[in-house]
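Worksheet for the structure shown next.
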Amino acid sequence: MIENRPWLTFISHATLMLGIALVALPVWMALVASTHPASAFGVGHIPLWFGSAGMETWQTVLFEQAGNGIDTPVWVMMLNSLVMALGITFGKIAISLLSAYAIVFFRFPFRNLCFWIIFMTLMLPVEVRIVPTYQVVANLDLLNSYTGLTLPLIASATATFLFRQCFLSIPGELVEAARIDGAGPWRFFFDILLPMSRTNIAALFVILFIYGWNQYLWPLLITTDDAYYTLVMSIKRMLSVNDGDIAWNQIMATTLLAMLPPVAVVIGMQKLFVKGLVDAEK
Amino acid sequence: MTVTFPQKGLPWLLLLPQLLVTAIFFLWPAEQALEQAFYQEDAFGLSREFVGLENFVYLFTDPLYYQSMLTTLVFSFSVAIMGMSVALFLAVMADRVIRGKLTYQTLLIWPYAVAPALAGVLWWILFDPSMGPIALWLGSAGVDWNHYLDGNQAMILVVIASTWKQISYNFLFFLAGLQAVPRSLIEAASIDGASPVKRFWTIVFPLLSPTTFFLLVVNLVYAFFETFGVIDATTKGGPGQSTNTLVYKVFEDGFIGLDLGGSAAQSVVLMAIVGVLTVIQFRFIERKVQYS
Amino acid sequence: MSDVVLKNIGKTYLNGFCAIPSMDLTIEEGEFIVLVGPSGCGKSTLLRMVAGLESITQGDLLIKGNKVNEKEPADRDIAMVFQNYALYPHMSVYGNMSYGLKNRGTSKAVIAEKVNAVATMLGLEELLERKPRELSGGQRQRVAMGRAMVRDPKVFLFDEPLSNLDAKLRVQMRMEIRQLQRKLGTTTLYVTHDQVEAMTLADRLVVLNKGVAEQIGTPMDLYNKPATPFVAAFIGSPSMNLFDANLTEKGVSLSESLYLPLPHAHRGSIVWGIRPEHLAIVDEQDADFALEILAVESLGAETLVHGVLKDGSVQGKAMVVRLAGPHNPELNSLLWLSAPATHWHIFDAITQQRL
Ligand SMILES: Nc1ncnc2c1ncn2[C@@H]1O[C@H](COP(=O)(O)OP(=O)(O)OP(=O)(O)O)[C@@H](O)[C@H]1O
Ligand SMILES: [Mg+2]
């Protein structure tokens, strides 16, 4: 640093801590709320310090039933969320790797057209074509199924571009060396390309996992059967119970459980997460 | 890069999954939306009638639609500007500190991983007029908070919830941008006698402008589309129409109002908007690539 | 039996550029052939056609008597060492060396045996577990060679394999390559633009110019009897002194006033040349011409004197003289030189052929 002004440094630290506290505030509150019995909320404001009913609430929602009109326990919905998140993540990565591979390492007619078709998906987020997409999926009989939850979301221009970028940086001589070593397209793909792209894949994995886990609108539309509810969308169903009957402690516990996996991924794999975020925007 | 494999059929096989998914779940629905926008369909989908541009005419003469546009603009720019200001401020502070930078970063970026719907629910309860601590505190400070009734307050609430989630993203990019500012420039400015604040506004901030512009576009896109969950889990567009953004309206008119033609016409308009935003974003990225 | 035969081989790139018009070359078994020429003359193109990395647009390529034009690189039984080595960055040295064998379904035991044998030969035993990024430039170079050697191919192909090394290492690796090739007896095609490398390595040299083989021959053939001015200038360092001249009844006329006597049937425009090392300092009365000294480069073992011919109208024609041992002539003074006729090189100016 150019100048050493202790008070400036102090202010910086203080501001950052304040920022952290503000950012953490709602989660803190939710955590506190989840430790009080449901009855505590009817009588007035949310308690500000931990209660003693925490274990009980958490156990109930996690293993018995999520409550507020949903009989399924959270762990089942967690499993659904996991299936959907992993399905979307692996699906996106797999088909993007393959298309980027085709576009970079082969020459064929309409190559550019294919590239543009994939690019178009960037311009068509689910949110703007909700109704017709729903109709298409309904026509294909994919409502209330894992396929319906994942398949329509796995086209990915971003991932394809990212892998294309990554492949373009691989020196041509390496490809030639592999050809001389007797590696055909598939061997080259699995033996050379995949291992060389593994950090990119991992970084993208983190971003896509969060994306998949946090899907809200899509599962909300196409699941009507509890057995396929995902955790994030279940909150909406829980909130639609009559006002007086909402068990806030259970909602808070469920909310916290719903955000736990992706938050853990971000914190645990911070480096990959940051890389993925930056790469995805290039 | 000129080295390629000679196979001719294989690339099609490789592209097939992506192209199929794109065609079935993206292009086909988009085409359907285009088509439906020119038809009037009854609520049960039993009969439909070609109505030409009527859906669009209706849309663009509907004051509610203009109101929704305005709501979207207010909402999006509030989210973008608020999120960016707070994040920039925190990033500048984080850039200053030497010790604990990574810890601060960790503790600031995790909200990125929280689903928008959940973010909405968390703040919704903090501000709940009957039990939320913040609403109570505001009440004792003389502000009568009730986002169930007051449209402006509902808007403030969804803006806060949406911003909260996006700060982490802006923070990361601003911090990276700040760290890329050459030390020598700042040193030169301080030798020229500029105070830290002046240095920031005259040297650092202008150098950050590519990052700022990029984030502005990304934040607008985020506020447009990805905050659907925030609104749906909390205000559901209300009270009245006060938080009914364009994206939410497509959903509401289509799924709840069952006005398929009107919803499709809105979809078409939105696609055009996303198209423009995407092109802007792409242009910008191209430029960024050229510079680097 | 000849090992590799290029019959009327030609290459026209997709954009219509003709990199190699037509080329004939027969390589004997165990021969070390060096392709040499300036940048962009088509050396890599030719090598890559032999490797199968570039399609052959004309002619036939035979390896051990079989036409292999359409064969995949992997099926031609060749191995290649690239300029930047092209080692697989995520594989260990062992992995790099064994990959080609693995793809051919060789058993693990045989692979281990072969890799270890080659590693021992190249002094890589200690490095087998390392990744390429943990190796020095010279070590990477050795691994690249090892990767080619384990396969025990019919032909080695090298594309400027030493150009990424520093000068000293280059000399050392040059000798190693030559020794290894002798020991293994594998037919080798080697591309370089460095004429010293070419001269020291080659059994026979192919000098390429704009895709055409100007001359094919042993290094000494090319040095003593360059077929064209291009070869004459390309082989030898410093380059041969070449002048446009005329053959007249009085001899070689470098200018109106400067004649070098030579009885010769030919008359007309020629290119006349003499190598810097063949010029000798003599007394004024025995001299063929004088050189005005412009610069002196002392290298210890030899001295290079740069100057211009000092004679009326030809003044300005640059010439280099290479003298053994240290010399310290004064700048701008005159150096009296003789050019013995036995060392002359004379080419027809029109056909560019040696006379
Ligand atoms: N894919 C291609 N398409 C068109 N022209 C090409 C292509 N590859 C090479 N060329 C041209 O063919 C000529 C020969 O190229 P080549 O790479 O064989 O040169 P080189 O002798 O190896 O040169 P260097 O010493 O610089 O490696 C060059 O003029 C080059 O521009
Ligand atoms: Mg070359």
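The values are calculated or read from the model by the stated rules, or taken from the named source; none is laboratory data. Source: prediction; values computed, not measured. All Cβ positions, even for glycine, are placed from backbone atoms using ideal geometry, and neighbour counts span all protein chains on display. Surface accessibility is based on the protein's heavy atoms, side chains included, excluding ligands, DNA and RNA. Shrake-Rupley method; radii C 1.70, N 1.55, O 1.52, S 1.80 Å.
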* Residue check: is C:LEU14 within 14 Å of chain A (Cβ to nearest Cβ), without any contact (Cβ under 8 Å) to a residue 40 or more places away in the chain, within 16 Å of ligand 1 (Cβ to nearest atom) and under 28 Å from A:PRO171 (Cα atoms)? -> yes
* When residues of the stretch A:167-193 are limited to those that are among the acidic types (Asp, Glu) and within 8 Å of chain B (Cβ to nearest Cβ), the one least open to solvent (accessible area, probe 1.4 Å) -> A:GLU176
* Structure fact -> Of the candidates B:SER47, B:SER68, B:SER85, the one satisfying the condition of being touching a residue at least 40 places away in the same chain (Cβ under 8 Å) and more than 8 Å from every other protein chain (Cβ to nearest Cβ) is B:SER68
* Asked: Given the residues C:SER163, C:SER136, C:SER107, which is the only one that is within 16 Å of ligand 1 (Cβ to nearest atom), surrounded by fewer than 18 Cβ atoms within 10 Å (Cβ to Cβ) and in the same structural domain as C:GLY37 (by TED's automatic domain parsing)?
  -> C:SER163
* To do: Working carefully through the options B:GLY229, B:GLY193, find the one that is outside any helix (DSSP H, G or I) and out of contact with any His (no Cβ under 6 Å at 6 or more places or on another chain).
  => B:GLY193
* Return the residue satisfying two criteria in turn: it lies in the stretch A:97-119 and is within 7 Å of chain B (Cβ to nearest Cβ) and small (Gly, Ala, Ser), and of such residues it is surrounded by the fewest Cβ atoms within 10 Å (Cβ to Cβ). => A:ALA102
* To do: Check whether at least one residue in the stretch C:115-125 is within 32 Å of the chain's Cα centre (by Cα) and either among the basic types (Lys, Arg) or facing chain A (nearest Cβ under 10 Å) (or both), and report yes or no.
  => no
* Asked: What residue, among those in the stretch A:145-166 that are in contact (Cβ under 8 Å) with a residue 24 or more places away in the chain and open to solvent by 40 Å² or more (accessible area, probe 1.4 Å), is nearest to B:GLU226 (Cα to Cα)?
  -> A:THR158
* Looking at this structure, is C:SER55 away from ligand 2 (no atom under 16 Å from the Cβ), hydroxyl-bearing (Ser, Thr, Tyr), surrounded by fewer than 20 Cβ atoms within 10 Å (Cβ to Cβ) and within 14 Å of chain A (Cβ to nearest Cβ)? -> yes
* **Number of positions in the stretch C:34-50 that are open to solvent by less than 10 Å² (accessible area, probe 1.4 Å) and either within 14 Å of another protein chain (Cβ to nearest Cβ) or more than 11 Å from ligand 2 (Cβ to nearest atom) (or both)** => 5
* **Odd one out for C:GLY40, checked against (1) in contact (Cβ under 8 Å) with a residue 12 or more places away in the chain; (2) within 15 Å of ligand 1 (Cβ to nearest atom); (3) closer than 30 Å to A:GLY184 by Cα** => (1)
* When the residues of the stretch A:140-156 are filtered to those that are more than 15 Å from B:ALA23 (Cα to Cα) and either in contact with a Gly (Cβ under 9 Å, 6 or more places away or on another chain) or not in a loop (DSSP other than H, G, I, E, B) (or both), which remaining residue is farthest from the other protein chains (Cβ to nearest Cβ)? -> A:TYR146
* Asked: Out of curiosity, is C:VAL93 away from ligand 1 (no atom under 16 Å from the Cβ) and open to solvent by 20 Å² or more (accessible area, probe 1.4 Å)?
  -> no
* Return yes when A:ALA258 is in contact with a helix residue (DSSP H, G or I) (Cβ under 6 Å, 6 or more places away or on another chain), under 20 Å from B:GLN105 (Cβ atoms) and either at the interface with another protein chain (Cβ under 9 Å from one of its Cβ atoms) or open to solvent by 20 Å² or more (accessible area, probe 1.4 Å) (or both) and no when it is not. => no
* Within the stretch B:173-214, count every residue that is under 21 Å from the mean Cα position of the chain (by Cα) and among the β-branched types (Val, Ile, Thr). => 2
* Asked: Yes or no: A:SER99 under 26 Å from B:LEU34 (Cβ atoms) and small (Gly, Ala, Ser)?
  -> yes
* **Out of C:ALA287, C:ALA295, C:ALA349, C:ALA280, sole residue that is within 27 Å of the chain's Cα centre (by Cα) and either open to solvent by less than 20 Å² (accessible area, probe 1.4 Å) or of a type in the set (Gly, Ala, Ser) (or both)** => C:ALA349
* **When residues of the stretch C:179-206 are limited to those that are among the β-branched types (Val, Ile, Thr) and in contact with a Leu (Cβ under 7 Å, 6 or more places away or on another chain), the one farthest from C:ASP159 (Cα to Cα)** => C:VAL206
* Asked: Is there a residue being acidic (Asp, Glu) and either more than 8 Å from chain A (Cβ to nearest Cβ) or in contact with a strand residue (DSSP E or B) (Cβ under 6 Å, 6 or more places away or on another chain) (or both) anywhere in the stretch B:175-187?
  -> no
* **Residues satisfying the stated conditions in the stretch B:13-26, i.e. farther than 14 Å from A:ILE154 by Cα and at the interface with chain A (Cβ under 7 Å from one of its Cβ atoms)** => B:LEU14
* **Within the stretch B:43-139, helices (runs of 4 or more DSSP H) holding 3 or more residues that are open to solvent by 70 Å² or more (accessible area, probe 1.4 Å)** => B:54-61, B:63-96, B:101-109
* Given the conditions (1) within 16 Å of ligand 2 (Cβ to nearest atom); (2) open to solvent by less than 80 Å² (accessible area, probe 1.4 Å); (3) of a type outside the set (Lys, Arg), and given that C:VAL155 satisfies all but one, which numbered condition is not satisfied? -> (1)
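A quick yes/no check of all residues on (1) open to solvent by 50 Å² or more (accessible area, probe 1.4 Å); (2) of a type in the set (A, V, I, L, M, F, W, C); (3) assigned to a loop (DSSP other than H, G, I, E, B):
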position	(1), (2), (3)
B:ARG199	no, no, no
B:PHE205	yes, yes, no
B:ASN219	no, no, no
B:PHE225	no, yes, no
B:LYS236	yes, no, yes
* Structure fact -> Of (1) surrounded by 14 or more Cβ atoms within 10 Å (Cβ to Cβ); (2) in contact (Cβ under 8 Å) with a residue 12 or more places away in the chain; (3) not charged (D, E, K, R), B:VAL21 satisfies every one except (2)
* Among the residues of the stretch C:67-80, is any more than 16 Å from A:ALA177 (Cβ to Cβ), away from ligand 1 (no atom under 12 Å from the Cβ) and outside any loop (DSSP other than H, G, I, E, B)? -> yes
